[in-house]
Structures are given as C-alpha cells and as structure tokens.
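One structure below.
What follows is calculated from the coordinates using simple rules that are stated; it is not laboratory data. The shown structure was predicted, so the numbers you read here are calculated from the model rather than taken from an experiment. Using ideal geometry, Cβ is built from the backbone for each residue, glycine included, and neighbour counts are taken over all protein chains shown.
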Amino acid sequence: MKPQPRNQLSARIASFGYAFKGIRTLIASQPNARIHLLATLLVIGAGFYFEVNATEWCLLALSMGGVWLGEGVNTALEFVVDKVSPEFDLLAGKAKDVAAAAVLLMAIASATVGCIIFIPKIITLFT
C-alpha cells in the first residue's frame with residue numbers, strides 16, 4: 001500500500017489519481033471492458049443524435065454506470081481471487097463465475113433500457 005499524503009486535500013487529489021489508474025488498468029487488462037467502452041461511446045453518440053430527453057439520459061447513464069460498476073467489481077474480485085488462490089479452486093471459480101454473471105445480467109438490463117429508448121426513435125427515423 002502506498003503512503004497517504006499528509007493533508008486531506010492532497011489525500012483526496014491522490015485518491016482520484018488511484019481511481020484513474022484503476023480505470024486504465026480495467027480497460028487495458030479486460031477485453032470485455034473495451035467492448036463496454038465501445039458500447040458506451042455508441043450509446044452516447046446515439047443519445048446526441050436522437051436528442052434523448054433528460055429522463056432518458058438519466059436512465060442511460062445509470063445503465064452504463066451499472067455495467068461499468070459491475071465490470072470493475074468483477075475485475076477486482078478476479079484479481080484478488082487469482083492472488084489468494086492461484087491454483088484451481090472450486091469455490092474460487094464459483095465466486096468468479098457469479099461475479100461475471102452479475103456483469104452479464106446488468107449488461108442485459110442495460111441493453112433492454114437502450115432498446116426501449118432507441119428502437120422507437122429508429123423506427124420513427126425510417127417511417
């Protein structure tokens with residue numbers, strides 16, 4: 001663990017640095033995170049293109065944030081499990097599988113939100 005800076009403001013600023021380092025690690029080390037990044041950028045672009053309203057933006061932001069939260073927690077859990085149980089362990093495998101399932105379920109829920117918001121807009125575009 002790194003030593004904490006002495007004053008509170010420096011500590012808060014440093015914590016943002018650690019968080020951004022975590023984001024870089026997440027994207028660099030996880031192929032699924034790169035897929036989520038692409039999906040996030042596409043949804044944001046579609047949101048601007050279709051001029052979604054404030055409520056739709058909130059739903060999209062919560063959905064995307066939920067997927068990123070799940071992916072981050074899943075990745076952190078995988079790192080920890082791999083550290084404490086480098087050899088195959090049935091319970092360690094189950095923990096990793098359940099964490100991956102949580103990300104998948106959130107991604108499905110997010111895709112559903114996206115479909116509810118964007119499909120009517122796409123249909124209107126072509127009619």
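Kindly provide the Kirkwood hydrodynamic radius of the chain in Å, to one decimal, from all pairs of distinct alpha carbon atoms.
Values: mean 1/r = 0.0589 Å⁻¹.
Computed over Cα pairs of the chain, the Kirkwood hydrodynamic radius comes out at 17.0 Å.
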Charge context of L104, other residues only, Cβ under 12 angstrom, K/R +1, D/E -1: -2
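Let me confirm the definition first: pairs of Lys residues in region 1-121, 8 or more apart or on different chains, C-alpha distance under 21 Å. How many are there?
Working: K2/K21; K2/K83; K21/K83; K83/K94; K83/K96.
Taking the Cα cut-off of 21 Å, the pair count is 5.
I'd like to verify something in the chain: which complete DSSP H helices, judged by Cα projection on the helix axis, reach 15 Å or more and average at least 1.0 on the Kyte-Doolittle scale? Don't skip to the end; give the middle numbers.
Working: long enough: 8-29 (31 Å, 0.56); 31-49 (27 Å, 1.11); 54-84 (44 Å, 0.83); 90-126 (51 Å, 1.76).
Length and hydropathy pass: 31-49, 90-126.
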